[in-house]
Amino acid sequence: MSDVQTQEADRETDGDDARAAGHKFEIIVNGRKKIVDHRVLTFEEVVRLAGYSEPTDPNVTFTVTYSRAVKPQHEGILSEGGEVTIKQGTIFDVTRTNKS
């Protein structure tokens, strides 16, 4: 994707508009390329994209970090119930953790 195309994609802010236009976003989740069709991803969606299902053990939780997202918060920790606005190349790391 060219820099101009990336800049145009970054200007899009509404996930529904991106989906309606048929736009696809290539992101990286735990080192693997994933393609999504909407701009805003939830914590739960990212965990599923990483290959995890909902934990049945109440002592299991997930830590989700991200980088290269849409500014002003282009990197950080995605909390359970939260969401993040992505762009081409947003990177996620999802780690399964046992509460102690």
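Nothing in this text is a laboratory measurement; each read-out follows from the coordinates by a stated rule. In this text, all values refer to a predicted model and were calculated from it rather than measured experimentally. Backbone-built Cβ (ideal geometry, glycine too); neighbour counts: all protein chains shown.
A few remarks follow.
- Under 25 Å of direct C-alpha separation, and excluding same-chain neighbours fewer than eight residues apart, Lys24 reaches these lysines: Lys33, Lys34, Lys71, Lys87.
- Charge tally in the Cβ shell below 9 Å around Ile86, where Lys, Arg are +1 and Asp, Glu are -1, Ile86 excluded: +3
- Between Gln73 and Glu26, the distance separating the two model label sites (each 7 Å from Cα on the Cα→Cβ line) works out to 2.8 nm.
- The mean sequence separation of alpha-carbon pairs under 8 Å and at least six residues apart, normalised by the residue count of region 20-80, gives a relative contact order of 22 percent.
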